[in-house]
C-alpha cells in the first residue's frame with residue numbers, strides 16, 4: 001500500500017495477506033452458515049407444515065373410521081333388540097295358542113296336566129278319541145241311510161197282489177203310493193188282456209193319501225195262467241215311472 005507523507009516521500013506499507021484471507025474465509029463461512037441455516041429453517045418449516053397436514057388428515061380419517069365403527073355397533077345393537085322383540089312376541093303368541101287349545105279340551109283330559117308337553121300329549125289323545133267317535137257315528141249313519149232307503153222304497157213302491165177264486169175269477173189289487181204319483185192304468189189293462197184275461201170290473205178307493213185299485217177279471221182257465229209271472233209283470237209296469245225319476 002502506498003501513501004504520501006507531508007515531506008513528499010513515498011512510503012510503502014505492507015498489508016498482511018493472512019488477514020485478508022481470514023476475513024474472506026470468515027465471510028465465506030458466515031455466508032455458508034447463513035445459507036445453510038436459512039435452508040434448514042425453510043426445510044424445517046416445510047416439514048412442520050407437512051406433518052401438520054398429515055396429522056390433520058389422520059385425525060379426519062380416524063374420525064371417519066370411528067364414526068363407521070359406531071354405526072356398525074349401533075346397527076348390531078338394533079338387530080339384537082329387534083330379534084329380542086320378535087322372540088318375545090313369538091313366545092307370547094305360543095302361550096296364547098296353548099291356552100286356547102287347552103280350553104277346547106274336556107276337563108278330564110287336562111286334569112292334573114300343567115306342563116305344555118303333557119297338555120300337547122293330551123291333545124293328541126283327544127284327537128284320536130274324537131276320530132274314533134266320528135268313525136262310529138259314520139257307521140251308524142250309513143246303517144240308518146240303508147234302513148231309511150229301504151223303508152222309503154217300500155213305502156213309495158206300488159204294490160200288486162193277485163188272488164184267484166172260483167177257478168175262473170182273478171182279482172187284482174194295486175196299492176198305489178200316492179194320488180199324485182200314480183201309474184198308467186191303460187198299460188195294466190193291456191197286459192191283462194195280453195195274458196188272456198177278460199176285464200169285468202174296476203174300482204178304486206182312497207186310503208191315507210193312497211189309492212187302492214181293484215180289478216176283477218175272468219180267465220177261461222186259471223190253470224193256464226201263471227199268476228206269479230203276471231204279478232211280476234204288473235209290478236214292473238206300475239213302478240216303471242220310479243226308475244226314470
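Computed from the coordinates by the stated procedures, all read-outs in this text should not be read as laboratory data. As the structure is a prediction and not an experimental result, all values here were calculated from the model. Heads up, the Cβs are rebuilt from the backbone with ideal geometry, glycines too, and the neighbour counts pull from every protein chain shown.
In this label model, residue 208 and residue 146 are separated by 2.6 nm, measuring between points 7 Å along each Cα→Cβ vector.
Model label points for residue 133 and residue 175, set 7 angstrom from Cα along the Cα-to-Cβ axis, are 4.2 nm apart. Label positions at residue 84 and residue 166, each projected 7 Å from the Cα along the C-beta direction, are separated by 11.2 nm. Within segment 158-243, the percentage of alpha carbon pairs spaced more than 21 angstrom apart rounds to 25%.
Extension gain for the segment residue 109 to residue 76, taken as residue separation times 0.36 nm less the Cα-Cα distance, is 7.2 nm to one decimal.
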